[in-house]
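The values are calculated or read from the model by the stated rules, or taken from the named source; none is laboratory data. All figures in this text were calculated on a predicted structure; none of them were measured in a lab. Here Cβ is always computed from backbone atoms with ideal geometry, including for glycine, and neighbour counts include all displayed protein chains.
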Amino acid sequence: MVDIDVRPDTAFALIQRRSEDCIHYLEGDPLSLDALDQIPRVRGTASQGVTFDTISAVPFSQLKERGFEVHDDGAKIRCIRIARHARIPVGEFLATVVDKATALDGEVQYSLDRDDYEGVIRSVIEQEIGKGEGANFVIPRTARAKIQPMGPGEALAIFRRLVRNEFGSYWNFLFYDRDRYLIGATPEKHLHVYDGTVRMNPISGTLRKDPHRLDPAQFKQDLLAFLSDAKETNELFMVVDEELKMMAKLCSTGGMVIGPLLKEMSGLVHTEYLLSGRSQGDIIDLFRGSMFAATVTGSPVENACKVIRRYEPEARRYYGSALVLIGRDVEGKEFLDSPITIRTVEIDRKGNVLFRVGGTLVRDSDPRAEVLETESKIATILASLRGAAAPMPGEPLLPRFAGDDDINETLQRRNQHLSRFWFFLQDTEEDAVEKLLGKRVTIIDNEDDFCFMMGHMLERMGCVVSVIRFSEFELDHVDADVLVVGPGPGDPNDFDNVKMRRVAELVHQLLDSGRKFLAVCLGHQLLCLRLGLKVEKKRYPFQGTQEVIDLFGSKERVGFYNTFAARHAEIPGITAAYDRETGEVHALRGRNYVSFQFHAESILTKNGYQILKGALENLIADTDMG
């Protein structure tokens, strides 16, 4: 047996990582840090081979390191410098740790009851998604409870129940730094960096397993209906797009999308993709650039943080952020493994319990269903807090359907109309376009990292790409063959907004200068306004919508992320691609520009690479675009 007789003055962590048949016991010195760069780093090889050096709990407020808006209650990075590391077989751990009785002292108190939380969800859908502030958002429901008494023994018992009852987690974990406990069963990998390979794991879409309907045949029917549900499918595509933005920034040499995949846990089944790329960047810099996943914030992430700050009255503390395990491999190279801190409770030494649960809100979310989903997601944690007597779901069901033709076909069908570009490695020279080799392209960043996905595509074509924030862009100081007025959140008609005024001015300058440019989404809308077209709010937002359009005579399946659209009118010298029924303008070609309302760079645009390539080739050619 392994001695894990911890005391209140012992800082320690227990982690059970997916695909491992052991539990890691980590013990060491606690540190309270203000910045990621303060996390201790150890260089060189270790005598024992693969080594874990530190494990840290990073607060959500650490987003301030990226300059994003966030409630900051002074929560620190809680780090343990690891001095002792033991690997405990799962069976031995379960036999060693006493299943000490724990119980909640009173009922769980939600900050918002069901009706109030449902009202918040409606407001986010109508006032944020419905006004162009983003495609999706995550606004959790906060709850508090009390465990009495509370100490390391109780924490171990809670974790033991998670290990026994939960399956399919990326990590089951218990983190204690002598001040508070973080205990969770998180399904989602945030970031994994090992030997230059960078991986992220966007998860979205949830099938609740009804414990009264676990007949295999019924489960298969429920699963197939879930996999065919358009809302659940589009919800996942949106978070994949958002995390591809991060991957495009972090991994300059290319990567690929793998999936869709299924993840089953005790009470839920999720759909997910794996994103994999290559980078030689520093692990802390990579982690900082990944804060935090779209699945816990929304998209675009920067504006989602503003929305979170408006709708959440208090700091998130350690919800929706990440744990960070840093170590070295047998060659002494640093690696990082980081799970998202969801399905996680925070408990102080007095037994005060804090937890948050949320889901991804999209344009067609059902508010009442979202409320019920939050309650289902926390059910396993509550069962572990309340003790072993609580009823738990049964064994995994998905293994029974390994290789099932209907399920595999339904999963594969999801990829049928997605961008081919992102599903294959982009680290070869086969993508290079002769006409574009060495051409300089500057992208104006309007608060949406889609510009980095576009930049990645253009670099694969052979262009030399730079990205400049709209607030820092000066036309006279930029030497480029083509400029791109990028996408961004917001109402293009709101000229009280500093960004709208500035980007509209840049569009005006580009038109007057004759310099060649591409305008996308918000850039396209502001160009349309400048040309005299009306830009109006759509009846139904196209946030994360795929449509077949007539693009200058070619049928294309493209991805939209817009709440506003321009209305067609004939303008001499300009060619428009527009919907003949609604009059909505999808694209324009003029003397020195091309513009798209849709996102060629999105995973939702099937032939996005070819569409973008054609636009750039036409702009580079010294021909009249009208």
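Figures for the structure shown
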| read-out | value |
| --- | --- |
| Residue match in the range 560-581 (condition: touching a strand residue (DSSP E or B) at 6+ places or on another chain (Cβ under 6 Å), within 21 Å of PHE237 (Cα to Cα), free of Cβ contacts under 8 Å to residues at least 60 places away in the same chain and buried (at least 16 other Cβ atoms within 10 Å of the Cβ)) | yes |
| Flag for THR442 being over 24 Å from the mean Cα position of the chain (by Cα) and modelled with pLDDT of 95 or more | yes |
| Selection within the range 92-118 - over 18 Å from PHE355 (Cα atoms), touching a strand residue (DSSP E or B) at 6+ places or on another chain (Cβ under 8 Å) and not hydroxyl-bearing (Ser, Thr, Tyr) | PHE93 |
| Whichever residue in the range 193-236 is modelled with pLDDT under 90 and hydroxyl-bearing (Ser, Thr, Tyr) and, among such residues, is surrounded by the most Cβ atoms within 10 Å (Cβ to Cβ) | SER204 |
| Checklist (1) assigned to a loop (DSSP other than H, G, I, E, B); (2) surrounded by 15 or more Cβ atoms within 10 Å (Cβ to Cβ) applied to THR45, failing item | (2) |
| Count of residues meeting criterion [of a type outside the set (Val, Ile, Thr), closer than 25 Å to TYR609 by Cα and free of Cβ contacts under 8 Å to residues at least 12 places away in the same chain] in the range 518-559 | 3 |
| Answer from GLY298, GLY277 - the residue that is at positive phi and either among the small types (Gly, Ala, Ser) or surrounded by fewer than 19 Cβ atoms within 10 Å (Cβ to Cβ) (or both) | GLY298 |
| PHE175 vs. criteria aromatic (Phe, Trp, Tyr), closer than 30 Å to ARG87 by Cα, more than 19 Å from the chain's Cα centre (by Cα) and in a loop (DSSP other than H, G, I, E, B) | no |
| Per-region count, the range 308-335, residues surrounded by 21 or more Cβ atoms within 10 Å (Cβ to Cβ) and in a strand (DSSP E or B) | 5 |
| The lone exception for ALA57 - which of (1) buried (at least 17 other Cβ atoms within 10 Å of the Cβ); (2) over 30 Å from PHE292 (Cβ atoms) it fails | (2) |
| The range 575-600 - residue that is within 23 Å of HIS456 (Cα to Cα) and among the aliphatic types (A, V, I, L, M) and, of those, nearest to the chain's Cα centre (by Cα) | ALA600 |
| Members of the range 23-37 found to be of a type in the set (A, V, I, L, M, F, W, C) and surrounded by fewer than 16 Cβ atoms within 10 Å (Cβ to Cβ), listed by number | ALA35 |
